[in-house]
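Okay, structure first, notes after.
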Amino acid sequence: MTRDITSRASFSQIRYAQCWEDADILLEALDLQPGETYLGIASAGDNILAMLSKNPSRAIAVDLSPAQLACLELRVAAYRELEHKELLGLMGSTDWGDRLALYQRCRSLLSSDVQYFWDHHSDLIEAGIGQAGKFEHYFTLFRRYALPLVHSRQRVERLLQGGTLEQRRAFYRREWDTWRWRTMFRVFFSRTVMGQMGRDPEFFKYVEGNVGDRILARTQYALSELDPAKNPYLQWILTGHHTTALPYALRPEHFDAIRQNLDRLEWHCMALEDVLDRVDDHTIHRFNLSDIFEYLSPSNSQALLQRLVQSAVPGGRLVYWNMLVPRSRPEAMADQLLPLTELSDRLFTQDKAFFYSAFVVEQVQ
């Protein structure tokens with residue numbers, strides 16, 4: 001996160017207990033190479049951990065929120081101490097009898113401040129740490145109270161079975177896309193409701209237009225054009241756990257590579273600009289910027305892009321998402337950043353975290 005948002009929003013609680021950006025398209029867009037230096041917005045930690053699987057020499061995570069970094073630090077401890085199935089249990093991806101026992105095994109690896117944080121949030125651990133954020137609570141309310149008004153559990157299960165493209169389109173058209181569904185969705189995912197229950201209202205400062213309609217269109221795409229059986233983000237929203245798919249960092253085939261590279265990861269509780277001030281110019285190869293430009297004015301977005309270019313190795317890549325606010329390299333920076341439009345457009349059609357409106361990949365000149 002950046003200095004611009006610090007005066008307008010609180011960062012004292014867990015906003016996101018998971019990374020809600022698709023790591024599969026992130027990693028393909030970044031084209032991570034072994035031995036490089038990576039930088040990423042920490043959020044809950046999943047995607048910077050996914051980046052570790054590509055063998056960097058250094059990986060830098062940054063976030064303004066101590067609570068978000070507590071999520072990352074507990075994940076790091078869990079990768080060190082737990083087996084893969086236990087990690088899934090701690091997250092809440094799968095059922096687990098005693099999550100507090102898993103936490104106790106990880107606790108000695110945490111800093112004293114992070115121990116204090118999680119010791120005083122045992123209820124969040126018991127529920128699965130992937131449920132711990134404000135955004136996840138928003139989805140819990142949707143799943144428990146709004147969705148049952150329009151669709152039965154059996155219909156949700158049928159949706160998540162996926163099928164061929166033709167089968168998915170037919171199911172969505174005939175059984176899912178009812179007027180009740182559309183009405184409920186537009187209300188629950190409106191600017192007002194999402195601002196109060198899901199994201200900080202200040203995060204909508206630069207948003208224009210009808211929020212619910214925009215997200216509904218993207219949701220239709222995810223439920224029919226993409227396969228729900230392969231979408232861990234959709235599965236969590238609709239069921240509260242992962243059924244037949246896992247995000248990149250939680251897949252068993254990546255567990256050992258992430259664990260082996262944990263010593264190359266560092267994290268900092270500060271604004272992104274402050275981290276950039278601490279590194280030499282032209283030393284960072286790949287940037288995962290989440291959706292940070294969503295919260296910035298056009299002028300502040302350009303200033304941050306210029307600062308990122310200053311820190312980047314020529315040929316390095318910046319990757320970020322737009323959810324509701326269009327942001328990309330301004331024309332004034334055409335000689336500094338090259339949009340990789342064909343790549344970003346292709347990957348956007350595969351984006352399983354379906355609520356975003358654009359996926360941006362830019363290469364440093």
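With respect to SER299, is the statement that it is out of contact with any Cys (no Cβ under 8 Å at 6 or more places or on another chain), within 19 Å of GLU28 (Cα to Cα), hydroxyl-bearing (Ser, Thr, Tyr) and assigned by TED's automatic domain parsing to the domain that holds GLY45 true?
Judged against the criteria, SER299 is not a match.
Of the residues VAL150, VAL114, VAL156, only one is touching a residue at least 60 places away in the same chain (Cβ under 8 Å) and of a type in the set (A, V, I, L, M, F, W, C); which?
That would be VAL156, the only listed residue that is touching a residue at least 60 places away in the same chain (Cβ under 8 Å) and of a type in the set (A, V, I, L, M, F, W, C).
List every residue pair whose Cβ atoms sit under 7 Å apart, with the two residues 6 or more apart in sequence or on different chains, where the first one lies in the range 166-188 and is in a helix (DSSP H, G or I) and the second, anywhere, is among the aromatic types (Phe, Trp, Tyr).
PHE188/PHE142
Look at the range 67-107 and say how many of its residues are under 20 Å from LEU52 (Cα atoms), without any contact (Cβ under 8 Å) to a residue 12 or more places away in the chain and not in a helix (DSSP H, G or I).
1
Could you tell me whether LEU124 is surrounded by 12 or more Cβ atoms within 10 Å (Cβ to Cβ), assigned to a helix (DSSP H, G or I) and modelled with pLDDT of 95 or more?
The answer is yes for LEU124.
If a residue must be buried (at least 18 other Cβ atoms within 10 Å of the Cβ) and at pLDDT 95 or above, how many such residues does the range 344-357 contain?
6
Residue-wise test of (1) modelled with pLDDT under 95; (2) more than 20 Å from ASP256 (Cα to Cα); (3) in contact with a Ser or Thr (Cβ under 9 Å, 6 or more places away or on another chain).
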residue: ILE14; (1), (2), (3): no, yes, yes
residue: LEU32; (1), (2), (3): no, no, yes
residue: GLY35; (1), (2), (3): no, no, yes
residue: SER43; (1), (2), (3): no, yes, yes
residue: ALA50; (1), (2), (3): no, no, no
residue: SER53; (1), (2), (3): no, no, no
residue: LEU64; (1), (2), (3): no, yes, yes
residue: LEU69; (1), (2), (3): no, yes, no
residue: VAL76; (1), (2), (3): no, no, no
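Mind checking which residues of the range 38-72 are among the polar types (S, T, N, Q) and in contact with a strand residue (DSSP E or B) (Cβ under 9 Å, 6 or more places away or on another chain)?
Passing the criteria: SER43, ASN47, SER57, SER65, GLN68.
Would you check which residues across the range 54-80 are within 17 Å of the chain's Cα centre (by Cα), over 15 Å from GLN18 (Cα atoms) and among the hydroxyl-bearing types (Ser, Thr, Tyr) and list them?
none
Show the residue pairs meeting these rules: Cβ distance below 6 Å; 6+ apart or different chains; first residue within the range 221-234 and farther than 22 Å from GLU136 by Cβ; second residue part of a helix (DSSP H, G or I).
As it stands, the answer is SER224/ARG168; SER224/ARG169; SER224/TYR172, since those pairs meet every condition given.
Could you count how many residues in the range 280-311 are within 13 Å of ILE41 (Cβ to Cβ) and of a type in the set (Asp, Glu)?
2
Among the residues that make up the range 280-303, is at least one of them touching an Asp or Glu at 6+ places or on another chain (Cβ under 6 Å) and part of a helix (DSSP H, G or I)?
Looking through the range 280-303, at least one residue is touching an Asp or Glu at 6+ places or on another chain (Cβ under 6 Å) and part of a helix (DSSP H, G or I).
The values are calculated or read from the model by the stated rules, or taken from the named source; none is laboratory data. Treat the numbers as computed from the prediction; the structure is a model and nothing was measured. Positions of Cβ are generated from backbone atoms using ideal geometry, with glycine treated the same way; all protein chains shown enter the neighbour counts.
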